[in-house]
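> Before I ask anything, here is the structure I am working with.
The values are calculated or read from the model by the stated rules, or taken from the named source; none is laboratory data. Keep in mind that what you see is a predicted model, and the values were worked out from it rather than measured. As a convention, Cβ positions derive from the backbone with ideal geometry for all residues, glycine included, and neighbour counts pool all protein chains shown.
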Amino acid sequence: MATCIICHLGIIEGVDSSHNCPNGHLAHTDCLKEWLLHSSNCPLCREPYPNEVLDEFKDFIKLREDEKLATLDSELKKEELKKMEVIASKMTFLKFIESINILINEQEYDYALSRLELHEDSNLSNKKEQDILFLKGKINYMRGRFDLAINHLFKLVKEKYNYPDGFLYLGKAYEALGLDDKAKWAYERIN
């Protein structure tokens, strides 16, 4: 009994459908279909299969290529959608920050803080959360709550050491409490 050069299982004459390469190497029809998706040469001797054999599987190969293209297209669309969602999220956050800055300029500190509290998720590695901590510290400094300002700003600079505005307001808050040595420490870290 002959064996398939691709799967190495027996080929039962009269039961299994098979094809030969130009050198007489047998392969199951189903095994050959899958093989031809990757190469049009015999897996054993590397001789090209005749055009008659390739033509027989032309529709199957085209179907598989179309499926692959459809899958790639679907993945690209999903990726584009994710990118658009990220951009939309960033735009929404920038609008949110803009509205907080407007509230700060109008001295609506309590309302600005309450809006910031609703937006917090305590992930300080996230740029958004760092910006929220900074704004909380800045607002508390501006409304004279230097202890709360120090609390928020110190959390911020401890996590994100390169945040010059955080050190600036931290220094101002320390200075307002008469802690000149700590204020000096904060001012020295402004880039």
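> Based on what the data block shows, is E117 within 30 Å of the chain's Cα centre (by Cα), at pLDDT 85 or above and either part of a helix (DSSP H, G or I) or not assigned by TED's automatic domain parsing to the domain that holds F167 (or both)?
Values: within 30 Å of the chain's Cα centre (by Cα): yes; at pLDDT 85 or above: no; either part of a helix (DSSP H, G or I) or not assigned by TED's automatic domain parsing to the domain that holds F167 (or both): yes.
It is false that E117 is within 30 Å of the chain's Cα centre (by Cα), at pLDDT 85 or above and either part of a helix (DSSP H, G or I) or not assigned by TED's automatic domain parsing to the domain that holds F167 (or both).
> If you take the residues in the stretch 1-39 that are of a type in the set (S, T, N, Q) and more than 16 Å from E56 (Cα to Cα), which one is farthest from the chain's Cα centre (by Cα)? Can you show your working first?
Within the stretch 1-39, the first condition is being of a type in the set (S, T, N, Q), and the residues that meet it are 3, 17-18, 20, 23, 29, 39.
The next check asks that each one be more than 16 Å from E56 (Cα to Cα); those that pass are 3, 23.
On the way: T3: 47, N23: 50 Å.
Selected residue: N23.
> Still on this structure, I have one more. Tally the residues that are touching a helix residue (DSSP H, G or I) at 6+ places or on another chain (Cβ under 8 Å) and outside any helix (DSSP H, G or I), restricting the search to the stretch 22-66.
Here is the first cut: in the stretch 22-66, the residues touching a helix residue (DSSP H, G or I) at 6+ places or on another chain (Cβ under 8 Å) are 27, 32-33, 36-37, 40, 43, 49, 53-54, 57, 60-61.
Filter once more, so that each one left must be outside any helix (DSSP H, G or I): 27, 37, 40, 43, 49, 57.
Within the stretch 22-66, residues that are touching a helix residue (DSSP H, G or I) at 6+ places or on another chain (Cβ under 8 Å) and outside any helix (DSSP H, G or I) number 6.
> Being surrounded by 15 or more Cβ atoms within 10 Å (Cβ to Cβ) and of a type in the set (D, E, K, R) is the filter here; which residues of the stretch 1-27 pass it?
Result: D16, single match.
> Tally the residues that are surrounded by fewer than 22 Cβ atoms within 10 Å (Cβ to Cβ) and over 16 Å from K182 (Cα atoms), restricting the search to the stretch 136-160.
6
> Is at least one residue of the stretch 177-190 over 18 Å from D131 (Cβ atoms), in a helix (DSSP H, G or I) and small (G, A, S)? I'd like the intermediate steps shown before the answer.
If we filter the stretch 177-190 for residues that are over 18 Å from D131 (Cβ atoms), which is where we start, we get 177-189.
Filter once more, so that each one left must be in a helix (DSSP H, G or I): 180-188.
Checking the rest, the ones that are also small (G, A, S) come to 183, 186.
Yes - at least one qualifying residue is present in the stretch 177-190.
> Another one. Can you name the condition, by its number, that L153 falls short on among (1) within 26 Å of V86 (Cβ to Cβ); (2) part of a helix (DSSP H, G or I)?
Unmet condition: (1).
> Checking the structure you have, find out if any residue of the stretch 130-153 is hydrophobic (A, V, I, L, M, F, W, C) and more than 19 Å from L116 (Cβ to Cβ).
Step one: filter the stretch 130-153 for residues hydrophobic (A, V, I, L, M, F, W, C), giving 132-135, 139, 142, 146, 148-150, 153.
Narrowing the set further to residues that are more than 19 Å from L116 (Cβ to Cβ) leaves none.
No, every residue in the stretch 130-153 fails to be hydrophobic (A, V, I, L, M, F, W, C) and more than 19 Å from L116 (Cβ to Cβ).
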